[in-house]
Amino acid sequence: AKDPVRVLVTGAAGQIGYALVPMIARGVMLGADQPVILHMLDIPPAAEALNGVKMELIDAAFPLLKGIVATTDVAEACKDVNIAVMVGGFPRKEGMERKDVMSKNVSIYKGQASALEQYAAKNVKVLVVANPANTNALILKEFAPSIPEKNITCLTRLDHNRALGQIAERLNIPVSSVKNVIIWGNHSSTQYPDVYHAVIDGDKPVRAAIADDAWLDGEFIKTVQQRGAAIIKARKLSSALSAASSACDHIRDWVLGTPEGTWVSMGVYSDGSYGVPAGLIYSFPVTCSDGVWSIVQGLAVNEFSRKKLDDTAEELAAEKQLAYLCINE
Ligand code: NAI
């Protein structure tokens, strides 16, 4: 039997945490033959709720779940973890300035970066979910210099999956028939969902199948960009089950590899590919093999796409600047 993998979920008493931990314990993230030990972190005001989640995990009697660490102590939470899914953060509340929210998250991610650096397994793979996801990941990278930059990513797989879903709905085909959409840039409303290279049924271009460029260049992009807000409006709560499921997809493909001929979107540390400034955490098309992601190279970027890639990079550069202002205060 395989040795258990230790998976940390921060913000585990929250909405996404509640959807995510049972998926991990069922093998959705790492496979049905991979035992896991769940590490769950939250803050003291949520300690009782966190203990409730732990009780339910015990009650669910998951065969793959070999242990549970539920704590408000960040060092204990990070001890020897192989995978870290960072869902905890400070949400924007009504009337709050962007800078105040950034400042709170910078201080959270600075602290958690140090704890991961000190206590996590050396090869820990990190996925940041909490918003602003790209910039939180960048802060985490800056303050955990011994963790390879290749091991620090943020979640744009939910946006990727949303784009697949919209194409499938429009064509009235199963979502599994659609692949190779791309989310470029920030996990925010400036992200660019690109279908120029997307295909259905293995090799048929999505653009030809849909044959409605006005929809693809307009409503489709907007729907994907604004989907988070639409879910909040409908549910009065933000996306949780889809975020949790996409986080599992992200880690599973990263660890176990992407299928031949298929790429996915991940927020990763830019090396300057596609003219994106190096040093931003930016969502790119990637393939994964042997636990390592690589940016898909050589895709054509037309003028329409170029502008959108640049706009979202510009927003990320501004976020980075704001984050640094907060660090230096
Ligand atoms: P939530 O508010 O239900 O849960 C967040 C949890 O984090 C709470 O239990 C809170 O106590 C905890 N927390 C706060 N500060 C913490 C800290 N310093 N250490 C550990 N835990 C801490 O929020 P929800 O709905 O679960 O969303 C979590 C985050 O995920 C939010 O930032 C949200 O914006 C983001 N999100 C990102 C998505 C993506 O695609 N990247 C999609 C959906 C949500």
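Every read-out reported here was derived from the displayed coordinates using simple, explicitly stated rules and does not represent laboratory data. Just so it is clear, the structure is predicted and the values come from calculations on it, not from any experiment. Neighbour counts are summed over all protein chains in view; Cβ atoms, including those assigned to glycine, are modelled from backbone coordinates with ideal geometry.
For LYS222 paired with ASP80, estimate the spin-label separation in nm (one decimal), with each label point 7 Å from Cα along the Cα-to-Cβ line.
According to this spin-label approximation, the distance is 5.3 nm.
Between ASN123 and GLU260, 0.36 nm times their residue separation minus their Cα-Cα distance comes to what?
Going from the current span to full extension adds 46.8 nm.
With charges only on Cβ, +1 for K and R and -1 for D and E, what is the dipole size of the chain about its Cα centre, in debye, rounded to 20?
With only Lys, Arg, Asp and Glu charged at Cβ, the dipole is about 380 debye.
For the stretch 141-146, take each phi angle, set θ = phi - 60°, evaluate the Karplus expression 6.51 cos²θ - 1.76 cosθ + 1.60, and give the result in whole Hz per residue in order, putting x for glycine and proline.
Ordered by residue, 3J(HN,Hα) equals 4, 4, 9, 10, x, 7 Hz.
Among bridges DSSP assigns within the chain, what percent are antiparallel (round to 5)?
Taking every DSSP beta bridge within the chain, about 45 percent pair in antiparallel fashion.
Can you list the aspartates and glutamates whose alpha carbon is less than 13 Å from that of LYS2, not counting same-chain residues fewer than 8 positions off?
In chain and number order, the partners are ASP33.
Each residue of the stretch 113-122 in turn: what ³J(HN,Hα) in whole Hz from Karplus with 6.51, -1.76, 1.60 and θ = phi - 60°, glycine and Pro shown as x?
Rounded to whole hertz, the list is 4, 4, 5, 5, 4, 7, 10, 6, 4, 4.
Assign one of three labels to the stretch 213-262, namely rounded, prolate or oblate, based on the Cα gyration tensor with a ≥ b ≥ c the square roots of its eigenvalues; rounded applies when a/c is under 1.5, prolate when it is not and a/b is larger than b/c, and oblate otherwise.
Verdict is oblate for the stretch 213-262.
List the residues, sorted by chain then number, that are 5 or more residues from VAL268 or on another chain and whose placed amide H is less than 5 Å from its amide H.
Amide H neighbours of VAL268, under 5 Å, 5+ apart: CYS154, TYR282, SER283, PHE284.
Quick one: which of 156-167, 60-71, 306-317 comes out on top by average Cβ neighbours within 10 Å, and what's the full order, highest first?
Top of the packing list down: 156-167, 306-317, 60-71.
For ASP311, project a label point 7 Å along Cα to C-beta. Then give me every residue of the stretch 104-148 with its amide nitrogen under 14 Å of that point.
none
Where the centroid of each part is defined by its Cα atoms, how far is the stretch 297-322 from the stretch 130-168 in Å?
16
What's the ranking of 179-191, 75-87, 108-120 by average number of surrounding C-beta atoms within 10 Å, highest first?
With the highest mean Cβ count within 10 Å placed first, the list reads 179-191, 75-87, 108-120.
Less than 16 Å apart at the alpha-carbon level, and either on another chain or at least 8 residues along: which aspartates and glutamates does that give for LYS222?
Partners found: ASP159, GLU169, ASP194, ASP212, ASP213, ASP311.
LYS233 to GLU97: FRET efficiency via 1/(1 + (r/R0)^6), r the Cβ-Cβ distance, R0 25 Å, to the nearest 0.05?
Calculated value: 0.60.
Using the Karplus curve 6.51 cos²θ - 1.76 cosθ + 1.60 with θ = phi - 60°, work out ³J(HN,Hα) for each residue of the stretch 305-317 in order, rounded to whole Hz, and write x for Gly and Pro.
5, 3, 4, 6, 4, 6, 4, 6, 5, 4, 4, 5, 5
Give the shape of the stretch 35-153 as rounded, prolate or oblate, defined through the alpha-carbon gyration tensor: a ≥ b ≥ c are the square roots of its eigenvalues, a/c under 1.5 means rounded, and otherwise the shape is prolate if a/b is larger than b/c and oblate if not.
oblate
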